[in-house]
Amino acid sequence: MKSVPHHVGVVMDGNGRWATRRGLPRTEGHGAGEKALVDTAYGALALGVKALTVYAFSTENWRRPIDEVRYLMNFNRGLLERRQHELHAEGVRITFSGRRDWRVPRGVLSRMDEAAELTKNNKVMTLNIAFNYGGRAEIVDAVKRLIDEGVSAKKVDEKAIRAHLYHPELPDPDLVVRTSGEFRTSNFLLWEMAYSELVFTDVLWPDFRREDLYAAISEYQLRERRFGGVDS
Ligand code: IPE
Ligand code: IPE
Ligand code: MG
């Protein structure tokens with residue numbers, strides 16, 4: 001149990017390939033990812049992880065075929081409908097990181113608001129869903145808000161930018177896991193990930209289970225974090 005990460009980020013990737021390998025449409029892979037997400041969240045809860053940020057839809061995912069985008073919107077709405085009450089019962093606070101722009105259907109936004117409202121006082125763990133999220137967009141949005149607040153240039157520092165990110169109350173992720181054998185960030189938590197430990201696994205997201213999270217955490221526990229300093 002030594003050094004369980006406080007905040008874990010997960011790039012849930014490989015749904016399309018999982019489905020294609022089975023001769024199924026890509027969307028079936030997204031559907032199969034629900035079990036992976038729920039099991040991973042329960043695994044994180046069991047270990048005492050305090051925050052889990054999962055990448056569900058990126059600002060670049062709008063480039064996908066319209067049917068897939070539509071599926072993902074409905075799927076994420078349905079996922080909240082199906083799961084918010086059990087997560088609430090476990091003391092999970094559900095939050096969202098991302099842009100609420102006109103492309104996100106109203107029905108999806110209202111489900112998000114409902115889940116956030118229902119669970120807002122929960123303290124056991126935060127499940128932060130990065131939805132219509134881009135790391136660059138997050139930094140742009142933070143800078144815009146600083147300007148709107150009339151903050152002068154000489155007051156702009158890292159602390160000020162950080163305080164204007166989507167969830168400044170969450171500590172930076174200690175560990176970020178990406179599934180499906182891709183070695184890139186794809187615009188996930190750019191600011192927050194500066195000193196995160198990265199773990200990559202070939203497991204495709206729909207096959208990911210809490211044991212895979214535990215394996216990633218074991219790898220994390222072998223790392224030596226220096227934050228630019230020298231070994232102690
Ligand atoms: C991740 O799986 C889910 C989202 C990006 C929404 P993909 O759909 O990217 O699956 P692959 O990478 O094409 O296999
Ligand atoms: C990142 O995966 C986004 C999510 C998991 C939601 P992508 O599949 O969209 O990223 P690329 O295209 O492989 O970089
Ligand atoms: Mg992908």
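Taken together, the values in this text are just the output of simple stated rules run on the coordinates, not laboratory data. Since we're looking at a predicted model, the values are computed, not measured. Cβ placement follows ideal geometry from the backbone for every residue including glycine, while neighbour counts extend to all protein chains displayed.
Rounded if a/c is under 1.5, else prolate if a/b is larger than b/c, else oblate: which is the range 18-105, with a ≥ b ≥ c the root eigenvalues of its Cα gyration tensor? Write out the running numbers ahead of the final one.
Working: a/c = 2.09, a/b = 1.39, b/c = 1.50.
Verdict is oblate for the range 18-105.
Sorted by average packing, counted as other Cβ atoms within 10 angstrom per residue and highest first, what order do 88-94, 32-38, 12-18 take? All intermediate terms of the calculation are to be shown ahead of the outcome.
On the way: 88-94: 17.3, 32-38: 19.6, 12-18: 21.7.
So the peptides 88-94, 32-38, 12-18, ranked by packing, come out 12-18, 32-38, 88-94.
Taking a threshold of 31 Å on the Cα-Cα distance, which of the pairs Lys35/Lys120; Lys120/Lys154; Lys35/Lys159; Lys123/Lys159 fall above it?
Values: Lys35/Lys120 24 Å; Lys120/Lys154 35 Å; Lys35/Lys159 37 Å; Lys123/Lys159 25 Å.
As for pairs spanning more than 31 Å Cα to Cα, those are Lys120/Lys154; Lys35/Lys159.
Given the -39500 (n - 2.57) contribution per DSSP H run of 4+ residues, what per-residue ellipticity at 222 nm results for the chain, rounded to the nearest 500 deg cm²/dmol?
Working: 7 runs with 100 residues, N = 232.
Result for the chain: -14000 deg cm²/dmol, rounded to the nearest 500.
Among the lysines, which have Cα under 21 Å from the Cα of Lys155 when same-chain residues fewer than 8 positions away are ignored?
Lys144
Using 0.36 nm per residue of separation minus the Cα-Cα distance, give me the extension gain between Ser152 and Glu68 in nm, one decimal. Please list the in-between numbers first.
Details: separation 84, 0.36 × 84 = 30.24 nm, distance 4.31 nm.
Stretched out fully, the Ser152 to Glu68 stretch lengthens by 25.9 nm.
Take every Cα-Cα pair in the chain and report what % of them are more than 22 Å apart. Before the final figure, lay out the partial values.
Values: 14270 of 26796 pairs.
It works out to 53 percent of all Cα pairs.
Express the relative contact order of the range 76-232 as a whole percentage, based on alpha carbon pairs under 8 Å and six or more residues apart in sequence.
On the way: 165 pairs, mean separation 29.2, N = 157.
The value is 19 percent.
Name the shape class, rounded, prolate or oblate, that the alpha-carbon gyration tensor gives for the range 132-178, where a ≥ b ≥ c are the square roots of its eigenvalues, rounded holds for a/c under 1.5, and otherwise prolate holds if a/b is larger than b/c and oblate otherwise.
On the way: a/c = 2.75, a/b = 1.78, b/c = 1.54.
It comes out prolate by the Cα gyration axes.
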